[in-house]
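*Asks:* Handing you a structure now.
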Amino acid sequence: MGVISRMREDIQAVFDRDPAARTGLEVALAYPGLHAIWFHHLAHWLWEHQLKLLGRLLSEITRWITGIEIHPGAKIGRRLFIDHGMGVVIGETTEIGDDVLIYQGVTLGGTSLKKEKRHPTLEDHVMVSAGASVIGPVRIGEGSRIGAGAVVVSSAPPYSTIVGIPGKIIEGDSARHEVMELDHAKLPDPVARAISNVVEKLNRMGARMEEIEERQDCLEDKVSEHHPPTPEQILANKV
């Protein structure tokens, strides 16, 4: 794919995911996330062709202009959209698939001091909400959604929803969905869900105990009808 076609594709990705986008000229001139991606393509080319210092310098200039820091060694797929973007940090060994959506304040960081794979891998159609951090060489499966402010330190299967600190995978949410569907103001709460399940089980246990007590009372009444009281029981009742 040529450079111009790739740029047009990136602009269209903005229109597909940002309702505030109005014209192609506005997107091309006023979207820092788009500028950071375009500069990164050049910086990554320099990095891959052993012009590492030039790649790093271009990355530094891009960070100063856009507020987005992308290491030139990071591998980024097609149609990545960084919305707003201020404070986004993407480390050297990060790998990002196609059609990924990243919001402001996101960190894709590393944990190891060794020269190895130490940053996350985001598969296709992943969304990372504002302020979230994905740390270490973890793999986030295709179509997964990471809630705002989450800290993800372990891998997740495809189509997961991850929230909390540390990030917890919401069970029973394996259906395929669009990455834009996660409402940042209405994140699922795994702790509240667990407490609700416990309360529900306790209520069922309480109802079951009441049923057992009623059956026991009925059984005792039937036994007392068929067996008249002994003299000792009569004497005890009189006392």
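The values are calculated or read from the model by the stated rules, or taken from the named source; none is laboratory data. All of these numbers come straight from a predicted model, not from anything done at the bench. Glycine gets a Cβ as well: all are built from the backbone with ideal geometry, and neighbour counts include every protein chain shown. When the accessible area is computed, the model is the full protein with side chains, heavy atoms only, and any ligands, DNA or RNA have been set aside. Shrake-Rupley method; radii C 1.70, N 1.55, O 1.52, S 1.80 Å.
*Asks:* Within region 146-157, is there a residue that is at pLDDT 90 or above, among the hydroxyl-bearing types (Ser, Thr, Tyr) and open to solvent by 30 Å² or more (accessible area, probe 1.4 Å)?
*Replies:* Within region 146-157, one or more residues are at pLDDT 90 or above, among the hydroxyl-bearing types (Ser, Thr, Tyr) and open to solvent by 30 Å² or more (accessible area, probe 1.4 Å).
*Asks:* Tell me yes or no: at least one residue of region 98-108 is in contact with a Pro (Cβ under 8 Å, 6 or more places away or on another chain), over 21 Å from PHE15 (Cα atoms) and open to solvent by less than 10 Å² (accessible area, probe 1.4 Å).
*Replies:* Of region 98-108, the ones in contact with a Pro (Cβ under 8 Å, 6 or more places away or on another chain) are 108.
Now restrict to residues that are over 21 Å from PHE15 (Cα atoms): 108.
Subset that is open to solvent by less than 10 Å² (accessible area, probe 1.4 Å): 108.
Yes; the residues of region 98-108 include at least one that is in contact with a Pro (Cβ under 8 Å, 6 or more places away or on another chain), over 21 Å from PHE15 (Cα atoms) and open to solvent by less than 10 Å² (accessible area, probe 1.4 Å).
*Asks:* Go over the candidates VAL153, VAL163 one by one and state the one that is over 9 Å from the mean Cα position of the chain (by Cα) and among the β-branched types (Val, Ile, Thr).
*Replies:* None of the others qualify; the one that does is VAL153.
*Asks:* From (1) in contact with a Gly (Cβ under 9 Å, 6 or more places away or on another chain); (2) surrounded by fewer than 17 Cβ atoms within 10 Å (Cβ to Cβ); (3) under 28 Å from SER144 (Cα atoms), pick out the condition that doesn't hold for VAL88.
*Replies:* Just one mismatch for VAL88, condition (2).
*Asks:* Here's a follow-up. Mind checking which residues of region 29-61 are closer than 22 Å to ASP99 by Cβ and hydroxyl-bearing (Ser, Thr, Tyr)?
*Replies:* Scanning region 29-61 gives a single hit, TYR31.
*Asks:* Checking the structure you have, find out if any residue of region 128-145 is under 12 Å from the mean Cα position of the chain (by Cα), of a type in the set (Ser, Thr, Tyr) and within 24 Å of GLU60 (Cβ to Cβ). Please lay out each step first, then the result.
*Replies:* Kept after step one, since they are under 12 Å from the mean Cα position of the chain (by Cα), are these residues of region 128-145: 128-134, 139-145.
Restricting the remaining residues to those that are of a type in the set (Ser, Thr, Tyr) gives 129, 133, 144.
Now restrict to residues that are within 24 Å of GLU60 (Cβ to Cβ): 133.
Yes, some residue in region 128-145 is under 12 Å from the mean Cα position of the chain (by Cα), of a type in the set (Ser, Thr, Tyr) and within 24 Å of GLU60 (Cβ to Cβ).
*Asks:* Condition first: farther than 20 Å from GLY2 by Cβ, in contact with a Gly (Cβ under 7 Å, 6 or more places away or on another chain) and crowded, with 18+ Cβ neighbours inside 10 Å. Can you find one or more residues in region 51-68 that meet it?
*Replies:* Yes: region 51-68 contains one or more residues that are farther than 20 Å from GLY2 by Cβ, in contact with a Gly (Cβ under 7 Å, 6 or more places away or on another chain) and crowded, with 18+ Cβ neighbours inside 10 Å.
*Asks:* Being open to solvent by 70 Å² or more (accessible area, probe 1.4 Å) and not polar (S, T, N, Q) is the filter; apply it to region 20-50 and report the residue that is nearest to the chain's Cα centre (by Cα).
*Replies:* Across region 20-50, the extreme among qualifying residues is PHE39.
*Asks:* Moving on to the next point. Among ASP18, ASP10, which is closer than 21 Å to GLU95 by Cα, at pLDDT below 95 and out of contact with any His (no Cβ under 8 Å at 6 or more places or on another chain)?
*Replies:* ASP10
*Asks:* A further question on this structure: Residues that are touching a residue at least 60 places away in the same chain (Cβ under 8 Å): which helices (runs of 4 or more DSSP H) entirely in region 2-99 hold 2 or more of them? Break it down stepwise before answering.
*Replies:* Numbers: elements: 3-17, 24-30, 32-48, 52-66.
Qualifying helices (runs of 4 or more DSSP H): 3-17.
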